[in-house]
Amino acid sequence: MAENIDLRRLVIKAYHITEVAFGDENKVSIDGKLTLDQAALDEIAAKYPNSVESIKLQIIQPDDHDRFTNTIMDIIPVSTKVLGKCGEGITHTLTGAYMMVTGVDVDGEQAHEFGSSEGNLKDMLYLNRAGTPSDTDIIVSVDITFKKGQAQERLSVIEAYRAVDEFLQIFRMQMKKFDGNKCTERHEYYDQIKPGQKKVLIIKEMIAHGACLDTWIFGNEPSGVDGGKSLIDFGSMPVMLTPNEFRDGAIKSMN
């Protein structure tokens, strides 16, 4: 039987976060500490005066989920490309801490269309599943308050995500410089042609409807906004992704 043919190789190096705290700078260190500066995020949010009233940070420890949350818009892993493009090369990512984006407007209108998820966090967020934090992870709540009537407007939702993305880019730029030999986990994935084997195509239906039901693909960073395109702008036509592009954060939820 012919040997497998490697097309692309993706290496994901993980750095585990054990402590998250507020401070006077936004900093992530290779020794597992994440420091958050609310003042810096306030400056970023002020760039979008027509859409965003404020964006507030909260640190939620693993045993502190018995609390109110606004509608959960996304769970974002903090990852960055170090070498190559989406789906190949080297990616650095954080484990142990994840960003949870929530949204509501100044009048209490939740950022949703067909159903909101505001309520008690312990009831609204399923843990230990693909795309959600584990029961031992720290959650950084990124709570967006939209201007009046803007929580369900597509442009406002996009601008709010741009603000969050700019905030995350501060940490991504630091992670690019992490020593790859000091990662806590290392995983290699290959896109391969397997001669003689069955050809498998997985079809995934993605939302591309409107303000709070949008999906972007191929941002400049894994799960990023900058450089990405909306499936709405593609006319909701089929898009082919390799397995490694999917693993590497090519798809970005905007709802």
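Some notes on this structure:
- Out of D42, D31, sole residue that is under 20 Å from M173 (Cα atoms) and part of a helix (DSSP H, G or I): D42
- Any hit, the range 127-139, residues being of a type in the set (S, T, Y) and at pLDDT 95 or above: yes
- Subset tally (residues that are among the charged types (D, E, K, R), out of contact with any strand residue (DSSP E or B) (no Cβ under 8 Å at 6 or more places or on another chain) and in contact (Cβ under 8 Å) with a residue 60 or more places away in the chain) for the range 22-41: 0
Let's see how each residue does on (1) at pLDDT 80 or above; (2) surrounded by 19 or more Cβ atoms within 10 Å (Cβ to Cβ); (3) in contact with a helix residue (DSSP H, G or I) (Cβ under 7 Å, 6 or more places away or on another chain):
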residue: M206; (1), (2), (3): no, no, no
residue: A211; (1), (2), (3): no, yes, yes
residue: G219; (1), (2), (3): yes, yes, no
residue: K229; (1), (2), (3): yes, no, no
residue: M240; (1), (2), (3): yes, no, no
residue: N244; (1), (2), (3): yes, yes, no
residue: D248; (1), (2), (3): yes, yes, no
residue: I251; (1), (2), (3): yes, yes, no
residue: M254; (1), (2), (3): no, yes, yes
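- Selection of the range 46-74 for residues being at pLDDT below 95 and either surrounded by fewer than 18 Cβ atoms within 10 Å (Cβ to Cβ) or under 20 Å from F171 (Cβ atoms) (or both) yields D63, M73, D74.
- Cβ separations smaller than 8 Å between residues 6+ apart or across chains give the following pairs from the range 51-63 residues that are in contact (Cβ under 8 Å) with a residue 40 or more places away in the chain to residues that are hydroxyl-bearing (S, T, Y) and outside any strand (DSSP E or B): S51/S156; V52/S156; P62/T136.
- Residue tally, condition buried (at least 23 other Cβ atoms within 10 Å of the Cβ) and in contact with a Phe, Trp or Tyr (Cβ under 7 Å, 6 or more places away or on another chain), over the range 134-159: 2
- Selection from the range 162-194 of residues that are outside any strand (DSSP E or B) and either charged (D, E, K, R) or modelled with pLDDT under 95 (or both): R162, D165, E166, R172, K176, K177, D179, K182, K194
- Failed criterion for Q197 (all others in (1) of a type in the set (S, T, N, Q); (2) surrounded by fewer than 17 Cβ atoms within 10 Å (Cβ to Cβ); (3) not in a loop (DSSP other than H, G, I, E, B) hold): (3)
- Odd one out for S236, checked against (1) at pLDDT 80 or above; (2) over 26 Å from N4 (Cα atoms): (1)
The values are calculated or read from the model by the stated rules, or taken from the named source; none is laboratory data. None of the values given here were measured: they were computed from a predicted structure. Heads up, the Cβs are rebuilt from the backbone with ideal geometry, glycines too, and the neighbour counts pull from every protein chain shown.
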